[in-house]
Amino acid sequence: MTASKYQIYLASLHWKQLRKWTLKERGGACEECGISNIWAVIGYGQPLNVHHIKYERLGHERPEDVQVLCRRDHELKHFGSTTLPDLSALYWKICVGIKEFPDELWSLLKAIEQLPIVTTKQLSLPLTA
């Protein structure tokens, strides 16, 4: 499959539904480092990715053909290296600390986590470093 056909596939309704289902089914966290979607957006400037582990069944993927990854771990899978910082240790330290927060703050953080993510691409804004 050419790169342009792959991009067309990624814009398809089938892929969008599979991506949404995969994110929900896998708990909305990176399967490598565990950071949540909101942390992926804050830390790496984009929501979690759904990565193809295998491309043989493209368009007819099975659950084992895809993996939920943050931008950093996605780059590591494709390129073997990344310049992005590893935020997972900080994420987990904060998650442990959150257990000591008042119930009202915990509820607010849970509500924020459920908000839909709008990317700069969707807003037609340039990415900033």
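The values are calculated or read from the model by the stated rules, or taken from the named source; none is laboratory data. Since we're looking at a predicted model, the values are computed, not measured. For neighbour counting, all protein chains shown are included, and Cβ atoms are generated from backbone atoms with ideal geometry for every residue, glycine included.
For GLU64, which of the numbered conditions (1) modelled with pLDDT of 90 or more; (2) assigned to a loop (DSSP other than H, G, I, E, B); (3) not hydroxyl-bearing (Ser, Thr, Tyr) fails to hold?
Going through (1) modelled with pLDDT of 90 or more; (2) assigned to a loop (DSSP other than H, G, I, E, B); (3) not hydroxyl-bearing (Ser, Thr, Tyr) one by one, GLU64 breaks only (2).
Return the total of residues in region 67-85 being assigned to a helix (DSSP H, G or I) and in contact with a Cys (Cβ under 8 Å, 6 or more places away or on another chain).
If we filter region 67-85 for residues that are assigned to a helix (DSSP H, G or I), which is where we start, we get 71-79.
Keeping just the survivors that are in contact with a Cys (Cβ under 8 Å, 6 or more places away or on another chain) gives 72-73.
Total satisfying the criteria: 2.
Among the residues that make up region 87-95, is at least one of them at pLDDT 60 or above, of a type in the set (Lys, Arg) and touching a helix residue (DSSP H, G or I) at 6+ places or on another chain (Cβ under 6 Å)?
no
Sort out which residues of region 25-40 are of a type in the set (A, V, I, L, M, F, W, C) and either farther than 24 Å from TYR6 by Cβ or surrounded by fewer than 16 Cβ atoms within 10 Å (Cβ to Cβ) (or both), and write them in order of number.
Within region 25-40, ALA29, CYS33, ILE35, ILE38, TRP39 qualify.
Just name the residue that is modelled with the lowest pLDDT out of those in region 1-53 that are of a type in the set (D, E, K, R) and not in a helix (DSSP H, G or I).
Selected residue: ARG26.
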